[in-house]
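**Student:** Have a look at this one before I ask anything.
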Amino acid sequence: CAGGKSVNPTIKRLLAYCARYPRWLVQAGICLLLATGAEVAGPLLIKLFIDDYLAPRQLVWPDIAALAAGYLGLQVLSAAGFYLQSLRFNRIAQAVVQTLREQVFATAIRLPARYFDKHRSGSLISRITNDTEAIMNLYVQVIGLLVQKVVLLCGILISMALLDLRLMLVCATLLPAVGAVMWLYQKLSVPVVRATRSLLSDINSRLNESLQGMPVIQAMVQEHHFANAFAEVNQQHWQARIKSLKINGILLRPLIDLFYMMVLIGLLALFAHEGLSTGSAIQVGVLYAFISYLGRMIEPLIEMTNQLNQLQQAMVAGERVFALLDESRESTQGESPALQGRVSFEQVSFSYDGQQPVLQEVSFATRPGQMLALVGHTGSGKSTIISLLMGFYPLDQGCIRFDDHPMSALSLSAVRRSIGLVQQDPFIFVGTLADNLRLGRDGILDATLWQALEEVQLAAFVRHLPQGLETLMEEGGKNLSAGQRQLLSFARALVGDPRILILDEATASVDSQTELALSQALSAARRGRTTIAIAHRLSTIVDADEILLLSRGQVSERGTHGELMALGGHYAQLFEMQSQGAWLEEKRA
Ligand code: ATP
Ligand code: MG
């Protein structure tokens, strides 16, 4: 890039993508050379016409007609050549951007949960859409134009040297001057461009967040507040853009125009001086050719400096995209044996941020077919245990085993495939109900879907829908109630016939009657499966083989329901409270 510095690593990496299309590159190069050759040959013909025919007044019409036809032919050739090369470069650009988008998305869906905890989804969207778009400009405009203009400049300089070496040297003083402008531009604008792109990403994040939280914003009458916050980022983006426009405005065209005028004056002065003082005056045709070449030289120089702006945008966008591509992804390695369903935690400790401990030395073991229940206060670490079991976060200490394999030796996908997870806040995808149940798992029959729906007590509801299994789900399952979403997610877990069933508050949003029916269904579903259930309503887990009461990330009580009641500790207290509440409710009803 400009300033004669070694090539920036981001640019190098971006260029490497082009090299995947050698044929198109060669074709584009050939078209470019032909077109440039035709363009620089034009003024030479005119020079011939002026000096050999016009000045000596020898109007040989057939020769002149041949010159005119040649000139026209060259113009057509150059136009066709430039058109074809730009087509080729565009094709390369589209192919590269498509590849980049695929790579970014493929990386994004393999990022560990920790990345999503720290980065806003709007910023990811910005990288996949806006930043790759900016990179596309690099190929379409910058590289194509830059190569084209450099070749054109070389052609012009060679033709000038053939005509008159001294005059060529006068014109060539333009190059270091423009080089200096480019260097200065680079220095001043990179920080501004970087700020602009990061603000654009901020705008996307805010937009995304506001759209998702719209019901809350409207319910809390916070439209004004959010609109103001958005306007503020928007304003900052505007200011950054204006700043970069100001730098462009001063440095690009006006300065180079000034240099151009100075060189032109130099040329004319030299011409006048030679004409007056010495006998060997410069030919008028040569002067014409030089003025014409100088005009043709200035355009590519201005365009090249103009392209610097795009180049910078692409470079910063490239930095952002590559930073994402270089993020460490979830490993896909490890054994994948058939799991029986034995799960054990051995002295597991964990913290999300490395400071605040969330789990401390938690241990338990389940045998295949057993049910383990986790109970405890809000924030005591129940869902965190599930996240660790799913391999969403690495452990700080201790070991998780499936059968006898430590989790670190198993492939994450094998572990996850043997687990059916019903999350606390289930996610429903846009698509039909059947799609949501299958979630891409092939070979699952409709009968299996209906059976799962029956088990979770959702079959009657689906049967009443006009389109049944083919009913389209809105974004996030907005056309379902919270309880229906939970049941659907429960059915989704059962459809895969997993060895291990994990229920995180799977019945928190359903009415007591459905819950009762569900707990019966669950006892059927549990047969032959290891079940780990989190529940606030203790009545649903009384028949668990082991109950762990968590308190601030530690196991404070453990045992069967009977044992814990006999212990008369915190669990017994909680249970008493809940059954009294239920009794009161029943009485009121
Ligand atoms: P609830 O009954 O409300 O679902 P829980 O027992 O499932 O509570 P967890 O979700 O495991 O609680 O959270 C335990 C602690 O970890 C909480 O103090 C919470 O603030 C913290 N925590 C949970 N998820 C994250 C996260 N992604 N990043 C940082 N801290 C987290
Ligand atoms: Mg939870």
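The values are calculated or read from the model by the stated rules, or taken from the named source; none is laboratory data. On a predicted model such as this, the values are computed, not experimentally measured, just so you know. Note that we place each Cβ from the backbone using ideal geometry, even for glycine, and neighbour counts take in every protein chain shown. For accessibility, only protein heavy atoms count, side chains too; no ligands or nucleic acids. Shrake-Rupley method; radii C 1.70, N 1.55, O 1.52, S 1.80 Å.
**Student:** Quick one: Gln580 ticks every box in (1) within 48 Å of the chain's Cα centre (by Cα); (2) in a helix (DSSP H, G or I); (3) more than 16 Å from ligand 2 (Cβ to nearest atom); (4) of a type in the set (S, T, N, Q) bar one, so which box is it?
**Tutor:** For Gln580, the failing item is (1).
**Student:** Considering only residues of the stretch 95-111 that are assigned to a helix (DSSP H, G or I) and without any contact (Cβ under 8 Å) to a residue 40 or more places away in the chain, which is nearest to Trp24 (Cα to Cα)?
**Tutor:** First, the residues of the stretch 95-111 that are assigned to a helix (DSSP H, G or I): 95-108.
Narrowing further to those that are without any contact (Cβ under 8 Å) to a residue 40 or more places away in the chain: 98, 101-102, 105-106.
On the way: Gln98: 16, Arg101: 21, Glu102: 21, Phe105: 26, Ala106: 26 Å.
Selected residue: Gln98.
**Student:** Further question on the same structure: Of all residues being among the polar types (S, T, N, Q) and in a strand (DSSP E or B) in the stretch 532-574, which is most open to solvent (accessible area, probe 1.4 Å)? Just the residue, please. Step through it out loud before you land on a result.
**Tutor:** Kept after step one, since they are among the polar types (S, T, N, Q), are these residues of the stretch 532-574: 539-540, 551, 554, 556, 560, 573.
Going one step further and asking which of them are in a strand (DSSP E or B), we end up with 551, 554, 556.
Details: Ser551: 48, Gln554: 87, Ser556: 67 Å².
Step by step, filter the stretch 532-574, then rank; the result is Gln554.
**Student:** Identify, please: which residue in the stretch 516-531 is open to solvent by 30 Å² or more (accessible area, probe 1.4 Å) and of a type outside the set (Lys, Arg) and is, among those, nearest to ligand 1 (Cβ to nearest atom)?
**Tutor:** Ser519
**Student:** For Ser413, state whether it is more than 16 Å from ligand 2 (Cβ to nearest atom), in a helix (DSSP H, G or I) and in contact (Cβ under 8 Å) with a residue 40 or more places away in the chain.
**Tutor:** When the stated conditions are applied, Ser413 passes them.
This table checks each residue for (1) touching a helix residue (DSSP H, G or I) at 6+ places or on another chain (Cβ under 8 Å); (2) modelled with pLDDT of 85 or more.
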| position | (1), (2) |
| --- | --- |
| Pro56 | no, no |
| Ala69 | no, yes |
| Gln85 | yes, yes |
| Gln98 | no, yes |
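To keep it simple, each residue is scored yes or no on (1) open to solvent by less than 20 Å² (accessible area, probe 1.4 Å); (2) within 34 Å of the chain's Cα centre (by Cα); (3) modelled with pLDDT of 90 or more.
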{"site": "Glu319", "(1), (2), (3)": "no, yes, yes"}
{"site": "Glu361", "(1), (2), (3)": "no, no, yes"}
{"site": "Thr366", "(1), (2), (3)": "yes, no, yes"}
{"site": "Gly391", "(1), (2), (3)": "yes, yes, yes"}
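**Student:** To continue, here is another question. Does the stretch 522-533 include one or more residues that are in contact (Cβ under 8 Å) with a residue 12 or more places away in the chain, closer than 28 Å to Ser489 by Cβ and within 16 Å of ligand 2 (Cβ to nearest atom)?
**Tutor:** yes
**Student:** It is to be established whether one or more residues within the stretch 409-422 are within 16 Å of ligand 1 (Cβ to nearest atom) and of a type outside the set (Phe, Trp, Tyr). Explain how you work it out, then say what you get.
**Tutor:** Of the stretch 409-422, the ones within 16 Å of ligand 1 (Cβ to nearest atom) are 421-422.
In the following step, the residues that additionally are of a type outside the set (Phe, Trp, Tyr) were identified as 421-422.
Within the stretch 409-422, one or more residues are within 16 Å of ligand 1 (Cβ to nearest atom) and of a type outside the set (Phe, Trp, Tyr).
**Student:** Okay, moving on. Does the stretch 543-575 hold any residues that are farther than 21 Å from Ile386 by Cβ, touching a Ser or Thr at 6+ places or on another chain (Cβ under 9 Å) and not aromatic (Phe, Trp, Tyr), and which are they?
**Tutor:** The answer is Gly569, His570.
**Student:** What are the residues in the stretch 451-481 that are surrounded by 13 or more Cβ atoms within 10 Å (Cβ to Cβ), touching a residue at least 12 places away in the same chain (Cβ under 8 Å) and among the hydrophobic types (A, V, I, L, M, F, W, C), if any?
**Tutor:** Passing the criteria: Ala452, Leu453, Val456, Leu458, Phe461, Val462, Leu469, Met473, Leu480.
**Student:** Would you mind stating whether Ala506 is part of a helix (DSSP H, G or I) and either within 16 Å of ligand 1 (Cβ to nearest atom) or open to solvent by less than 20 Å² (accessible area, probe 1.4 Å) (or both)?
**Tutor:** Values: part of a helix (DSSP H, G or I): no; either within 16 Å of ligand 1 (Cβ to nearest atom) or open to solvent by less than 20 Å² (accessible area, probe 1.4 Å) (or both): yes.
Spelling it out, it is not the case that Ala506 is part of a helix (DSSP H, G or I) and either within 16 Å of ligand 1 (Cβ to nearest atom) or open to solvent by less than 20 Å² (accessible area, probe 1.4 Å) (or both).
**Student:** Next question. Please list, ordered by first then second residue, the pairs with beta carbon atoms under 8 Å, 6 or more apart or interchain, first in the stretch 327-351 and within 26 Å of Arg529 (Cβ to Cβ) and at pLDDT 90 or above, second in a strand (DSSP E or B) and aromatic (Phe, Trp, Tyr).
**Tutor:** Matching pairs, first to second residue: Arg342/Phe402; Val343/Phe402; Ser344/Phe364; Phe345/Phe364.
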